[in-house]
1. Are there helices (runs of 4 or more DSSP H) fully within the range A:222-316 with at least 3 residues that are open to solvent by less than 20 Å² (accessible area, probe 1.4 Å)? List them.
2. Would you pick out the residues in the range B:137-161 that are in a helix (DSSP H, G or I), within 14 Å of chain A (Cβ to nearest Cβ) and over 17 Å from B:Ala175 (Cβ atoms)?
3. Mind listing just one residue for me: the one in the range A:139-157 that is loosely packed, with under 15 Cβ neighbours inside 10 Å and in contact (Cβ under 8 Å) with a residue 60 or more places away in the chain and, of those, farthest from A:Asn457 (Cα to Cα)?
4. So if I check each of A:Tyr507, A:Tyr482, A:Tyr490, A:Tyr442, which one is open to solvent by 30 Å² or more (accessible area, probe 1.4 Å) and among the aromatic types (Phe, Trp, Tyr)?
5. Take the residues in the range B:243-266 that are among the aliphatic types (A, V, I, L, M) and part of a loop (DSSP other than H, G, I, E, B), then tell me which one is farthest from the chain's Cα centre (by Cα).
6. Can you say whether B:Ser134 is in a helix (DSSP H, G or I), free of Cβ contacts under 8 Å to residues at least 60 places away in the same chain and touching a Gly at 6+ places or on another chain (Cβ under 7 Å), as far as the supplied structure shows?
7. Restricting to the range A:352-394, count the residues that are open to solvent by less than 70 Å² (accessible area, probe 1.4 Å) and among the β-branched types (Val, Ile, Thr).
Amino acid sequence: MRKIYLFLFLALVLAIAGCSSGDDTEETGGSVESGDSKELIIANGQDIISFDIHDHNNTSTEAVHVNMFNYLVKNDGEGGFTSDLAESWENIDDTTWSFKLKEGVKFHNGDELTAEDVKFTLERVANDDTLREYGNYKQIEEVQVKSDYEFDIITENPEPILLNRLSRIGSGILPKDYIEAEGWDVFLDNPVGTGPYKLKEWKKDDRLVLEPFEDYFGDAAKWEEVVFRSIPEDSTRVSELLTGGVDIAVNIPPTDFERIESTDDVSIETSDSQRVMLLILRTQGDYATADPLVREAIDLAIDKQAIVDSLLEGTATVTRTRVTPGNGGANEDLYGQTLYDPERAKELLAEAGYEDGVTIKISAPNGRYIKDKETVELIATMLAEVGITAELEFLEWSAFSTKRSDKSFDDVHFIAFGNSMFDASNALISLTKEESVGETDYDNPQTDKLITDAIQNMDLEERTKQFQEAQELIAEDRPHIYLYQVEGIYGVNERLNFEPRLDEMFYVDDITLN
Amino acid sequence: MKYLLTNLLKTIPVLFLVTLIVFLLVRVTGDPVSLMLPENATFEEKESLREALGFNEPLYKQYFTYLGDLVQGNFGESLRYNTDAFSLVLERLPATIELAIASMVIAILISVPLGIWSAIRRNSFIDLFITGGSVLGKAMPNFWLGIMLILFFSVQMGIFPVSGRGGLLHLVLPAIALGTGIAAEMTRLIRSSMLEILGQDFVRTARSKGLKEAIVINTHAFRNALIPVVTIMALQTSTLIGGTLITETVFAWPGMGQLLIQAVNLRDMAVVQAATFLIAVFVIVSNLLADLVYRLLDPRIKYD
């Protein structure tokens, strides 16, 4: 028995000795003043999904990929499109776009980028309907290679937002020869792109490490090493930030703002995001919400600004449209606006014949969005004040998504939509007659025509007007009641100069030391 | 040997049942396709992905396909990583085992001395303190304890790193968070088991022979008190695995627990199935081992 104790005691001593001798890990010592180390550590809530850039639709995965792969063009939002791999581009006719590539661009394995790589990449995602990004690229009919550096992209129909499509998830250009010779499995383990950084190490659900690519065609990489850590628990991520373990932490819960702001050397940075919270309403059938008066009453009964102020510490902007500034076709007259008039809501209900009140069912995910459950509960309280009884149903995210794809929600459901396409079409297409079947069943021929025309309209000015008008009609008809546009909230070590982007990407070379 | 063989054979229906239950649970609770595609994917896109992944087949057919593959050692492909699910789980196993062993070591280091001490000083203030503490330790949820440990030892004191897997330093806090509940359980058990033994004739005989108290306690009493402790250690394996699920998430520890939780969230069916299968094997094997050790410690125990 003594022997066992002696052994355990020795084990303890060894463990302590091991601890005090210090490990080779960067977190040790954990002081916030990490100085001007050329290593950048960013903490995400989850690991990247995959290196198959066509087979995910995850913004935080793309946020890492953009440092390893290049698009043909970059979308700077209101700044328009800027050159990336493509030196120049031109819209020849309604369905043909002509591109010229930069010369001398190298992949991480030394291969040179040619038009064949572009053809290989875009045609794969445009033709394989099992890929998760297929739906956003199936509009591309063919890529015609004209020379090593010149090619045309032919679309099936007029495609005014082809450039939007080419500057987002699924459009990083891949090395054809490498993938054809080695196979996808090898590529997924040893991804090769044209970006300023290449993969050094990926420990799944732990860390992904990037190192500079010496032969990058643009400005040389600024960081000696970039680490993306995955830390699912919010409070752990905040603690890592506070101790200097990471430089940037994403998705800071509003409840931690004060803790961060009151700590030296770290602060909160926010940025508008593409995410808009909304209620989706049934506009036909036996549902109470089929009555436009009831829909309007619901809208007027909810004090959206109060939700933003009380639950989100002000980190959101109320809106009456999903197409927010920075997107093609945005209607800024509806942005930053909210209607709140509980007295009028009561009148509307009375007009609709519900003097004694009405009951509706609201379904919402629980734990998917910041304060989702609290928000819906607050909405229910506000509705109760005007005589609408809300029956609440909270679902875990995957159950919620299943129910959503089965289109089996009742009167109302609560959800957030993003928009990586930076265009109104992506936000409004679900309200066309064809797409809204079983969900909102929204049917306004005027709106429908405006949206379907605009989607294929190559006259950008007229297109914008059509979309703006459609948004006004939607705001009146209320198949969706938009609540607010949420902000991306980042905790940042003050040694950095970091401005979060609308698209939530981490272009690490835009992040600099102070 | 025969005992071992028959018991190993008995595990087969258990494992079979585990695969069936997990298979059904994963499928009735959600649909991976709706999670895989963007919110605005069209119905046709969902259908074609469903078809490609074989989710359009009737459930029983899907199950038999899965069983057929399983017998050949194929657990299917992860939807998230597009690679073999079983090798994904195996990749993570070392991190989880490391954490589990460290937690067990901590649990033993805490519970053995405290359990014996409180038994010897029965009904004293010390005893009260230790039994009270063990109730508290058992009641504390390990995610809460984990967050508190981080706040105190990492954020306030700056002694240990907050999260991740690196050297021994990274192991300390998660192992304490996970080991505490087990230590509490074991302390109580060692105490009551020691008390029972201390009241028995052979201990009295040993004492009356004039043996030193330390020898009586260490050699005579503790050795015999150890038998139920071994059982509880094996039974704690399942607690330990359940605990790693939560603790790994709190400490961003890249083990099997975190993999499993993310797989459940994303309805990554093959990974959920592979991981739960492996966990079931673990629990079964540890119980078998407990029986064997039990027999070694006390030759009077016979199995038929």
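1. The helices (runs of 4 or more DSSP H) meeting that bar are A:234-242, A:292-301, A:304-311.
2. B:Leu151, B:Val155, B:Gln156
3. A:Glu156
4. Criteria check complete, one pass: A:Tyr507.
5. Looking at residues that are among the aliphatic types (A, V, I, L, M) and part of a loop (DSSP other than H, G, I, E, B), I get B:Leu266.
6. So B:Ser134 does not fit the description; no.
7. Qualifying residue count, the range A:352-394: 8.
Per-residue answers, yes or no, for (1) at pLDDT below 95; (2) part of a helix (DSSP H, G or I):
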site	(1), (2)
A:Ile429	yes, yes
A:Lys433	yes, no
A:Thr447	no, yes
A:Met458	yes, no
A:Glu462	no, yes
A:Glu469	no, yes
A:Glu476	no, yes
A:Ile481	no, no
A:Gln485	no, no
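The values are calculated or read from the model by the stated rules, or taken from the named source; none is laboratory data. Predicted model only: the values in this text are computed from it and were never measured. Every residue, glycine among them, receives a Cβ derived from its backbone with ideal geometry; neighbour counts consider all protein chains shown. Just so you know, the surface numbers come from the protein's heavy atoms only, side chains and all, with ligands and any DNA or RNA stripped out. Shrake-Rupley method; radii C 1.70, N 1.55, O 1.52, S 1.80 Å.
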